[in-house]
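The values are calculated or read from the model by the stated rules, or taken from the named source; none is laboratory data. No experiment lies behind these values; they were computed from the predicted model shown. Backbone-built Cβ (ideal geometry, glycine too); neighbour counts: all protein chains shown. The accessibility values were calculated without ligands, DNA or RNA, using every heavy atom of the protein model including side chains. Shrake-Rupley method; radii C 1.70, N 1.55, O 1.52, S 1.80 Å.
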Number of protein chains: 2
Amino acid sequence: MPSDQLSATFAALADPTRRAILSRLTSGEASVTELAEPFDMSLPAVTKHLKVLQRAGLISQSREAQWRPCRLRARPMREAAEWMEPYRAHWEQRLDRLDDYLRESSARPAPRTRKKR
Amino acid sequence: MPSDQLSATFAALADPTRRAILSRLTSGEASVTELAEPFDMSLPAVTKHLKVLQRAGLISQSREAQWRPCRLRARPMREAAEWMEPYRAHWEQRLDRLDDYLRESSARPAPRTRKKR
(Lines give C-alpha, C1' and ligand atoms only; values in the text may rest on other atoms or scores of the structure.)
Protein backbone atom coordinates (compact mmCIF):
# COMPACT_ATOMS: atom_id res chain seq x y z
CA MET A 1 0.00 0.00 0.00
CA PRO A 2 1.55 3.36 -0.97
CA SER A 3 2.23 5.70 1.96
CA ASP A 4 1.16 8.99 0.38
CA GLN A 5 -2.54 9.75 -0.19
CA LEU A 6 -2.19 10.54 -3.88
CA SER A 7 -0.39 7.26 -4.63
CA ALA A 8 -2.97 5.38 -2.54
CA THR A 9 -5.82 6.98 -4.53
CA PHE A 10 -4.29 6.18 -7.92
CA ALA A 11 -3.39 2.62 -6.81
CA ALA A 12 -6.96 2.04 -5.60
CA LEU A 13 -8.34 3.24 -8.95
CA ALA A 14 -5.96 0.97 -10.91
CA ASP A 15 -8.38 -1.97 -10.91
CA PRO A 16 -11.58 -2.47 -12.96
CA THR A 17 -13.45 -4.23 -10.10
CA ARG A 18 -12.69 -1.42 -7.66
CA ARG A 19 -13.76 1.19 -10.23
CA ALA A 20 -17.02 -0.75 -10.81
CA ILE A 21 -17.65 -0.81 -7.04
CA LEU A 22 -17.17 2.97 -6.83
CA SER A 23 -19.44 3.44 -9.84
CA ARG A 24 -22.16 1.33 -8.16
CA LEU A 25 -21.87 3.46 -5.00
CA THR A 26 -22.64 6.67 -6.91
CA SER A 27 -26.30 5.54 -6.88
CA GLY A 28 -26.32 5.11 -3.10
CA GLU A 29 -24.96 3.04 -0.24
CA ALA A 30 -24.82 -0.77 -0.52
CA SER A 31 -23.95 -3.79 1.60
CA VAL A 32 -20.89 -5.92 0.88
CA THR A 33 -23.18 -8.71 -0.41
CA GLU A 34 -24.93 -6.28 -2.77
CA LEU A 35 -21.59 -4.97 -4.00
CA ALA A 36 -20.28 -8.50 -4.58
CA GLU A 37 -23.36 -9.61 -6.57
CA PRO A 38 -22.40 -8.43 -10.09
CA PHE A 39 -18.91 -9.94 -9.88
CA ASP A 40 -17.89 -13.51 -10.56
CA MET A 41 -15.77 -13.38 -7.44
CA SER A 42 -15.69 -14.84 -3.93
CA LEU A 43 -16.89 -12.65 -1.07
CA PRO A 44 -13.36 -12.59 0.47
CA ALA A 45 -11.95 -11.38 -2.87
CA VAL A 46 -14.50 -8.55 -2.98
CA THR A 47 -13.81 -7.74 0.70
CA LYS A 48 -10.12 -7.41 -0.17
CA HIS A 49 -10.96 -4.85 -2.87
CA LEU A 50 -13.20 -2.98 -0.41
CA LYS A 51 -10.33 -2.81 2.08
CA VAL A 52 -8.07 -1.20 -0.53
CA LEU A 53 -10.78 1.37 -1.29
CA GLN A 54 -11.37 1.96 2.42
CA ARG A 55 -7.67 2.44 3.20
CA ALA A 56 -7.47 4.96 0.33
CA GLY A 57 -10.42 6.79 1.89
CA LEU A 58 -12.60 6.25 -1.20
CA ILE A 59 -15.33 4.40 0.67
CA SER A 60 -16.45 4.23 4.28
CA GLN A 61 -18.35 1.47 6.02
CA SER A 62 -21.03 2.37 8.52
CA ARG A 63 -20.86 0.78 11.98
CA GLU A 64 -24.37 1.82 12.85
CA ALA A 65 -26.63 -0.45 10.82
CA GLN A 66 -26.28 -4.22 11.18
CA TRP A 67 -25.85 -4.63 7.42
CA ARG A 68 -22.91 -2.17 7.60
CA PRO A 69 -23.51 -0.31 4.32
CA CYS A 70 -20.60 1.01 2.26
CA ARG A 71 -20.68 4.61 1.17
CA LEU A 72 -18.75 6.54 -1.50
CA ARG A 73 -16.16 9.08 -0.34
CA ALA A 74 -15.12 10.93 -3.48
CA ARG A 75 -12.95 13.56 -1.79
CA PRO A 76 -9.55 11.85 -2.37
CA MET A 77 -10.30 11.93 -6.10
CA ARG A 78 -10.28 15.70 -5.95
CA GLU A 79 -6.52 15.75 -5.24
CA ALA A 80 -6.01 13.22 -8.06
CA ALA A 81 -8.01 15.35 -10.51
CA GLU A 82 -6.12 18.46 -9.41
CA TRP A 83 -2.82 16.68 -9.93
CA MET A 84 -3.81 15.86 -13.53
CA GLU A 85 -5.04 19.38 -14.29
CA PRO A 86 -1.68 20.83 -15.55
CA TYR A 87 -1.53 17.98 -18.10
CA ARG A 88 -4.91 18.90 -19.57
CA ALA A 89 -3.26 21.47 -21.84
CA HIS A 90 -1.10 18.70 -23.25
CA TRP A 91 -3.92 16.35 -24.14
CA GLU A 92 -6.41 19.04 -25.20
CA GLN A 93 -4.06 21.10 -27.31
CA ARG A 94 -2.65 17.87 -28.69
CA LEU A 95 0.82 19.04 -27.82
CA ASP A 96 1.93 15.40 -28.15
CA ARG A 97 1.01 15.36 -31.82
CA LEU A 98 2.44 18.81 -32.42
CA ASP A 99 5.73 17.58 -30.98
CA ASP A 100 5.65 14.59 -33.33
CA TYR A 101 4.86 16.78 -36.31
CA LEU A 102 7.67 19.22 -35.58
CA ARG A 103 10.16 16.41 -35.07
CA GLU A 104 9.12 14.65 -38.28
CA SER A 105 9.17 17.77 -40.41
CA SER A 106 12.57 18.85 -39.11
CA ALA A 107 13.96 15.33 -39.64
CA ARG A 108 12.75 15.12 -43.25
CA PRO A 109 14.82 16.85 -45.95
CA ALA A 110 13.45 20.38 -46.22
CA PRO A 111 10.83 20.48 -49.04
CA ARG A 112 11.90 23.95 -50.18
CA THR A 113 15.37 22.67 -51.01
CA ARG A 114 13.86 19.96 -53.19
CA LYS A 115 11.79 22.51 -55.12
CA LYS A 116 14.88 24.51 -55.90
CA ARG A 117 16.50 21.57 -57.66
CA MET B 1 0.99 -4.80 -15.27
CA PRO B 2 -2.77 -4.22 -15.63
CA SER B 3 -4.20 -5.30 -18.98
CA ASP B 4 -6.66 -2.44 -19.54
CA GLN B 5 -5.41 1.04 -20.45
CA LEU B 6 -7.25 2.84 -17.65
CA SER B 7 -5.81 0.54 -14.96
CA ALA B 8 -2.34 0.87 -16.52
CA THR B 9 -2.62 4.67 -16.42
CA PHE B 10 -3.75 4.79 -12.78
CA ALA B 11 -1.11 2.21 -11.75
CA ALA B 12 1.62 4.23 -13.47
CA LEU B 13 0.50 7.39 -11.64
CA ALA B 14 0.47 5.60 -8.27
CA ASP B 15 4.10 6.42 -7.51
CA PRO B 16 5.68 9.74 -6.45
CA THR B 17 8.86 9.18 -8.50
CA ARG B 18 6.89 8.47 -11.67
CA ARG B 19 4.70 11.53 -11.08
CA ALA B 20 7.84 13.66 -10.56
CA ILE B 21 9.27 12.33 -13.83
CA LEU B 22 6.09 13.28 -15.71
CA SER B 23 6.12 16.69 -14.07
CA ARG B 24 9.73 17.24 -15.19
CA LEU B 25 8.77 16.30 -18.76
CA THR B 26 6.13 19.04 -18.95
CA SER B 27 9.02 21.48 -19.42
CA GLY B 28 10.45 19.52 -22.36
CA GLU B 29 12.13 16.28 -23.36
CA ALA B 30 14.98 14.89 -21.25
CA SER B 31 17.48 12.05 -21.33
CA VAL B 32 17.30 9.16 -18.86
CA THR B 33 20.39 10.54 -17.08
CA GLU B 34 18.79 13.98 -16.77
CA LEU B 35 15.57 12.42 -15.44
CA ALA B 36 17.48 10.33 -12.90
CA GLU B 37 19.50 13.30 -11.58
CA PRO B 38 17.07 14.67 -8.93
CA PHE B 39 16.43 11.22 -7.44
CA ASP B 40 18.50 9.40 -4.88
CA MET B 41 18.12 6.28 -6.97
CA SER B 42 20.20 4.00 -9.16
CA LEU B 43 19.92 4.40 -12.94
CA PRO B 44 18.37 0.89 -13.27
CA ALA B 45 15.71 1.83 -10.68
CA VAL B 46 14.83 4.96 -12.66
CA THR B 47 14.83 2.96 -15.90
CA LYS B 48 12.31 0.57 -14.32
CA HIS B 49 9.99 3.50 -13.55
CA LEU B 50 10.43 4.80 -17.09
CA LYS B 51 9.42 1.40 -18.46
CA VAL B 52 6.18 1.46 -16.43
CA LEU B 53 5.42 4.95 -17.79
CA GLN B 54 6.30 3.86 -21.32
CA ARG B 55 4.11 0.73 -21.19
CA ALA B 56 1.22 2.89 -19.94
CA GLY B 57 1.82 5.18 -22.94
CA LEU B 58 2.57 8.18 -20.71
CA ILE B 59 6.04 8.75 -22.14
CA SER B 60 7.81 7.81 -25.34
CA GLN B 61 11.49 7.45 -25.98
CA SER B 62 12.95 8.67 -29.23
CA ARG B 63 15.09 6.30 -31.27
CA GLU B 64 16.43 9.01 -33.49
CA ALA B 65 18.88 10.94 -31.36
CA GLN B 66 21.76 9.09 -29.71
CA TRP B 67 20.81 10.41 -26.27
CA ARG B 68 17.29 8.92 -26.78
CA PRO B 69 15.24 11.68 -25.12
CA CYS B 70 12.03 10.86 -23.24
CA ARG B 71 8.92 12.81 -24.08
CA LEU B 72 5.60 13.29 -22.29
CA ARG B 73 2.51 11.62 -23.74
CA ALA B 74 -0.39 13.03 -21.75
CA ARG B 75 -3.20 11.51 -23.84
CA PRO B 76 -3.85 8.44 -21.60
CA MET B 77 -4.54 10.86 -18.71
CA ARG B 78 -7.50 12.18 -20.67
CA GLU B 79 -9.38 8.88 -20.21
CA ALA B 80 -8.44 8.88 -16.51
CA ALA B 81 -9.73 12.43 -16.04
CA GLU B 82 -12.91 11.57 -17.93
CA TRP B 83 -13.45 8.53 -15.72
CA MET B 84 -13.23 10.74 -12.61
CA GLU B 85 -15.58 13.40 -14.00
CA PRO B 86 -18.89 11.88 -12.72
CA TYR B 87 -17.42 11.88 -9.19
CA ARG B 88 -16.71 15.61 -9.33
CA ALA B 89 -20.31 16.33 -8.31
CA HIS B 90 -19.75 14.18 -5.21
CA TRP B 91 -16.62 15.89 -4.00
CA GLU B 92 -17.95 19.33 -4.91
CA GLN B 93 -21.31 18.64 -3.26
CA ARG B 94 -19.47 17.69 -0.10
CA LEU B 95 -17.71 21.04 -0.20
CA ASP B 96 -21.06 22.74 -0.74
CA ARG B 97 -22.41 20.96 2.32
CA LEU B 98 -19.39 22.09 4.32
CA ASP B 99 -20.01 25.62 3.07
CA ASP B 100 -23.65 25.37 4.12
CA TYR B 101 -22.64 24.10 7.53
CA LEU B 102 -20.08 26.88 8.03
CA ARG B 103 -22.56 29.50 6.86
CA GLU B 104 -25.28 28.14 9.15
CA SER B 105 -23.06 27.85 12.20
CA SER B 106 -21.61 31.34 11.71
CA ALA B 107 -25.15 32.70 11.19
CA ARG B 108 -26.51 31.05 14.35
CA PRO B 109 -24.73 33.06 17.11
CA ALA B 110 -25.59 36.20 15.06
CA PRO B 111 -22.78 38.53 16.24
CA ARG B 112 -24.48 41.64 14.85
CA THR B 113 -27.61 41.01 16.93
CA ARG B 114 -25.47 40.75 20.03
CA LYS B 115 -23.76 44.07 19.26
CA LYS B 116 -27.13 45.77 18.97
CA ARG B 117 -28.11 44.75 22.48
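The table for this structure:
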{"item": "Scope the range A:31-78; condition β-branched (Val, Ile, Thr) and over 20 Å from the mean Cα position of the chain (by Cα); matching residues", "result": "A:Val32, A:Thr33"}
{"item": "Residues (within 15 Å of B:Ala30 (Cα to Cα) and open to solvent by less than 30 Å² (accessible area, probe 1.4 Å)) located in the range B:61-94", "result": "B:Ser62, B:Pro69, B:Cys70, B:Arg71, B:Leu72"}
{"item": "In the range B:19-53, residue nearest to B:Arg68 (Cα to Cα) [restricted to those that are away from every other protein chain (no Cβ under 14 Å) and open to solvent by less than 20 Å² (accessible area, probe 1.4 Å)]", "result": "B:Ser31"}
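This table checks each residue for (1) assigned to a strand (DSSP E or B); (2) of a type in the set (A, V, I, L, M, F, W, C); (3) modelled with pLDDT under 95; (4) in contact with a Cys (Cβ under 8 Å, 6 or more places away or on another chain).
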{"residue": "B:Ser23", "(1), (2), (3), (4)": "no, no, no, no"}
{"residue": "B:Ser27", "(1), (2), (3), (4)": "no, no, yes, no"}
{"residue": "B:Leu50", "(1), (2), (3), (4)": "no, yes, no, yes"}
{"residue": "B:Gly57", "(1), (2), (3), (4)": "no, no, no, no"}
{"residue": "B:Arg68", "(1), (2), (3), (4)": "no, no, yes, no"}
{"residue": "B:Ala80", "(1), (2), (3), (4)": "no, yes, no, no"}
{"residue": "B:His90", "(1), (2), (3), (4)": "no, no, yes, no"}
{"residue": "B:Ser105", "(1), (2), (3), (4)": "no, no, yes, no"}
{"residue": "B:Lys115", "(1), (2), (3), (4)": "no, no, yes, no"}
